[in-house]
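The values are calculated or read from the model by the stated rules, or taken from the named source; none is laboratory data. Keep in mind that what you see is a predicted model, and the values were worked out from it rather than measured. Cβ placement follows ideal geometry from the backbone for every residue including glycine, while neighbour counts extend to all protein chains displayed. All accessible areas refer to the heavy atoms of the entire protein, side chains included, with ligands and DNA or RNA removed. Shrake-Rupley method; radii C 1.70, N 1.55, O 1.52, S 1.80 Å.
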Amino acid sequence: MSFTKGSLRDYVNGKIDEARKEVRNEIDNYIKVNIKQSLIARLKDLENTTTPLHEVADKIEDFLVAVKLNGKWKYDHFVRDIRDASGLKNRIVESEMADINSAIVLDRPYKLFGLFDKVEQAKKDLRPQYKKIEEIKTLKQEIESTIKNAASGKQAYKSLIALGVDMEGYEEEVKMKLPSVQKLSVDPCLINGNCN
């Protein structure tokens, strides 16, 4: 088997990306269950006020079509504004979740919607996951350095194994080979010139 530094790097980076994705999913699931659901619950009264807005926008739009005023910016603008307001709950959730994630990562307080205690708890509970993400980042840099500094792909492979990296699933890209022919249907003497 031949080894190239590029294929080793690709293989290890794939493993690193999978590990990082797994930790990110743990974080996302924790935040969704423990914080996002609480935020959505606190905005439930907003749902009752925004649903009629969507219906109002539909009625205004139907009216504008009926009197042939649709397509004129000054009227369509009002319909868009009303539709935007009808999606207010989702916009608040998206915006606040971004702020909450920043508060958790940067260890800042978040005091809106009565979620202070939940965010503070998340900072404590998710500390191991964020530490793991930093460790994965460091590991990636060290492994890339090991591969880069090796004299050859084969030496890099041996170094990775010596460092404890599981290389069991690694397969070197096989260079394109012509398919072997099992049997010719026509005698090759036609091109060899000896068909007598």
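A few points about this structure:
- Among residues of region 131-165 being part of a loop (DSSP other than H, G, I, E, B) and without any contact (Cβ under 8 Å) to a residue 12 or more places away in the chain, the one that is surrounded by the fewest Cβ atoms within 10 Å (Cβ to Cβ) is Gly164.
- The helices (runs of 4 or more DSSP H) found entirely in region 1-83 that carry 2 or more residues being at pLDDT 85 or above are 5-31, 37-42.
- Among the residues of region 94-121, those that are more than 21 Å from the chain's Cα centre (by Cα), open to solvent by less than 100 Å² (accessible area, probe 1.4 Å) and in contact (Cβ under 8 Å) with a residue 12 or more places away in the chain comprise Leu112, Phe113, Gly114, Leu115, Lys118, Val119, Gln121.
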